[in-house]
Amino acid sequence: MAKIKVGIVCGGKSSEHEISCISAAGVLSAIDTSKYEAKLIGITKSGKWVLPPENYQLTIEGEKLPEISEELPETNIAELGVDLLFPVLHGPYGEDGTFQGQCEMAGIKYVGSGVLASAVGMDKSFAKPIFQAHGLEVAPGMVINESDWQIDQDRILAKATEFGKPLFVKPARSGSSRGTSKVKNVKELKVAINFALQFDTKVLVESAIIGREIECAVLQLNGVAVASPVGEIKIVGDHEFYDFEAKYLDDSTQVIVPAKLEFGVQEEIANFATMAFDALGCEGLARVDFFYTGSKIIINEINTMPGFTSTSVFAKLWEVGGISYKDLITNLIESAIARPLNVMR
Ligand SMILES: Nc1ncnc2c1ncn2[C@@H]1O[C@H](COP(=O)(O)OP(=O)(O)O)[C@@H](O)[C@H]1O
Ligand SMILES: [Mg+2]
């Protein structure tokens with residue numbers, strides 16, 4: 001039987017370009033080559049689709065993060081010659097439905113959530129009210145649009161401080177903690193809002209939740225969302241919160257799987273994770289992130305294309321859940337093949 005041709009797509013226009021390359025390197029090294037023929041497809045920071053050579057550097061080399069070069073030979077979605085695409089893309093233009101829309105238009109199947117779930121999952125200002133409507137608790141907060149901020153900063157600052165202190169300020173559609181700050185007073189709040197607005201035109205201000213960060217990986221198996229054991233993120237060293245450096249650069253993060261929680265809490269979080277997955281109509285995979293305060297379970301966010309290397313939280317959670325990294329990839333490809341494109345019957 002001819003092997004299924006899978007295009008592993010990485011890079012992209014978002015600030016998570018480099019992380020995407022690292023995830024793709026993982027997929028390329030673990031994909032079951034007895035079943036699939038993998039082809040690397042790059043998207044440059046300017047958005048060009050390119051074909052990197054087979055030995056292209058996708059991992060961190062010393063201090064240098066990988067990047068898809070603008071100089072590589074160009075291609076386009078219509079001439080890839082693959083059976084399906086595996087977008088290992090994080091953030092806007094990859095995880096937010098735009099890439100997925102392009103696949104739908106071109107009639108090419110793809111791994112992961114569709115247009116709507118991707119778009120809503122990316123935008124915390126939309127995901128939060130949907131989670132709430134399904135009975136999940138979210139951090140109290142407000143959304144600030146850049147246009148309103150330009151007009152009425154004082155009123156917005158006054159309203160934001162009603163959510164107590166400290167506060168978290170973050171772009172509605174970012175990732176990897178980019179643009180996120182923890183603030184303790186109005187002066188810092190103003191700086192943080194302006195900073196977050198450099199990443200997005202819409203910003204969230206939230207009460208800081210004092211609690212442990214617990215994550216759960218969801219994988220769709222035969223059309224059903226299944227939750228992994230839950231893990232706790234432990235940050236050692238000098239970090240105010242789970243910021244970019246803690247996530248990727250300085251080995252200061254550990255994930256403890258299964259998280260040590262009181263009886264029943266792990267099951268409840270796992271249950272909330274699949275509820276969140278279904279609430280948004282996700283497909284394939286997602287990582288759902290929570291805070292656990294000791295009494296309350298608060299959903300923070302969902303990632304429809306979480307970091308996906310063999311050592312990422314997603315893979316570690318499933319390793320303990322009994323599914324190897326290689327089998328995760330196979331499952332994702334098989335469920336993408338089984339799923340019809342678009343909503344028309
Ligand atoms: N309301 C909040 N309370 C406490 N910590 C928060 C809050 N919002 C964000 N954080 C911290 O900031 C990190 C990044 O925020 P998050 O909303 O997960 O954005 P991203 O999509 O960039 O991962 C979280 O993992 C957590 O450490
Ligand atoms: Mg997060």
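The values are calculated or read from the model by the stated rules, or taken from the named source; none is laboratory data. What you see is a predicted model; the values in this text were computed from it and never measured. Cβ: placed from backbone, ideal geometry, glycine included. Neighbour counts: every protein chain shown.
Only one of (1) more than 16 Å from ligand 2 (Cβ to nearest atom); (2) at pLDDT 95 or above is not met by Tyr292, so which one is it?
(1)
Only one of Lys326, Lys234, Lys247 is under 20 Å from the mean Cα position of the chain (by Cα), surrounded by fewer than 19 Cβ atoms within 10 Å (Cβ to Cβ), assigned to a helix (DSSP H, G or I) and not assigned by TED's automatic domain parsing to the domain that holds Ile31. Can you tell me which? Don't jump to the end; show me each part of the working.
Numbers: Lys234 fails: assigned to a helix (DSSP H, G or I); Lys247 fails: surrounded by fewer than 19 Cβ atoms within 10 Å (Cβ to Cβ).
Going through Lys326, Lys234, Lys247 in turn, just one is under 20 Å from the mean Cα position of the chain (by Cα), surrounded by fewer than 19 Cβ atoms within 10 Å (Cβ to Cβ), assigned to a helix (DSSP H, G or I) and not assigned by TED's automatic domain parsing to the domain that holds Ile31: Lys326.
Between residues in the range 60-89 that are among the charged types (D, E, K, R) and residues that are in a strand (DSSP E or B), which pairs lie under 6 Å by C-beta distance while being six or more apart or on different chains?
Glu74/Val50; Asp83/Ile4; Asp83/Lys5
So if I check each of Ser310, Ser295, which one is loosely packed, with under 15 Cβ neighbours inside 10 Å and assigned to a loop (DSSP other than H, G, I, E, B)?
The conditions single out Ser295.
Got a sec? Which of Leu261, Leu332 is part of a loop (DSSP other than H, G, I, E, B) and more than 16 Å from ligand 2 (Cβ to nearest atom)? First the steps, then the outcome.
Values: Leu332 fails: part of a loop (DSSP other than H, G, I, E, B).
After applying the criteria, what remains is Leu261.
Test Ile22 against the stated conditions and say whether it is aliphatic (A, V, I, L, M), within 27 Å of Asp200 (Cα to Cα) and buried (at least 21 other Cβ atoms within 10 Å of the Cβ).
Details: aliphatic (A, V, I, L, M): yes; within 27 Å of Asp200 (Cα to Cα): yes; buried (at least 21 other Cβ atoms within 10 Å of the Cβ): yes.
In short, yes.
If I ask for residues that are hydroxyl-bearing (Ser, Thr, Tyr) and assigned to a loop (DSSP other than H, G, I, E, B), which ones from the range 85-116 would you list?
Tyr93, Ser113
Quickly run through the range 120-173 and pick out the residues that are buried (at least 17 other Cβ atoms within 10 Å of the Cβ), among the charged types (D, E, K, R) and part of a loop (DSSP other than H, G, I, E, B).
Asp123, Arg173
Filter the range 174-219 for residues that are more than 15 Å from ligand 2 (Cβ to nearest atom) and part of a loop (DSSP other than H, G, I, E, B); which is surrounded by the most Cβ atoms within 10 Å (Cβ to Cβ)?
Once the filter is applied, the top-ranked residue is Leu197.
Filter the range 317-337 for residues that are in contact (Cβ under 8 Å) with a residue 24 or more places away in the chain and over 23 Å from Ile269 (Cβ atoms) and give the result.
Selection gives Lys326, Ile329, Thr330, Ile333, Ser335, Ala336, Ile337.
What pairs come out if I take residues in the range 206-220 that are assigned by TED's automatic domain parsing to the domain that holds Ile299 and within 19 Å of Val236 (Cα to Cα) and pair them with residues that are of a type in the set (Gly, Ala, Ser) and assigned to a strand (DSSP E or B) whose C-beta lies under 8 Å away, six or more apart or interchain?
Listed pairs, sorted by first residue: Ile214/Gly231; Glu215/Gly231.
Residues being within 24 Å of the chain's Cα centre (by Cα) and closer than 17 Å to Lys159 by Cβ: count how many of those fall in the range 184-195.
3
So that you can scan it fast, the table gives a plain yes or no per residue for (1) crowded, with 18+ Cβ neighbours inside 10 Å; (2) of a type outside the set (D, E, K, R); (3) at pLDDT 95 or above:
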{"position": "Val6", "(1), (2), (3)": "yes, yes, yes"}
{"position": "Ser15", "(1), (2), (3)": "yes, yes, no"}
{"position": "Ala30", "(1), (2), (3)": "yes, yes, yes"}
{"position": "Thr33", "(1), (2), (3)": "no, yes, yes"}
{"position": "Glu37", "(1), (2), (3)": "no, no, yes"}
{"position": "Gly42", "(1), (2), (3)": "yes, yes, yes"}
{"position": "Leu58", "(1), (2), (3)": "yes, yes, no"}
{"position": "Lys64", "(1), (2), (3)": "no, no, no"}
{"position": "Gly94", "(1), (2), (3)": "yes, yes, no"}
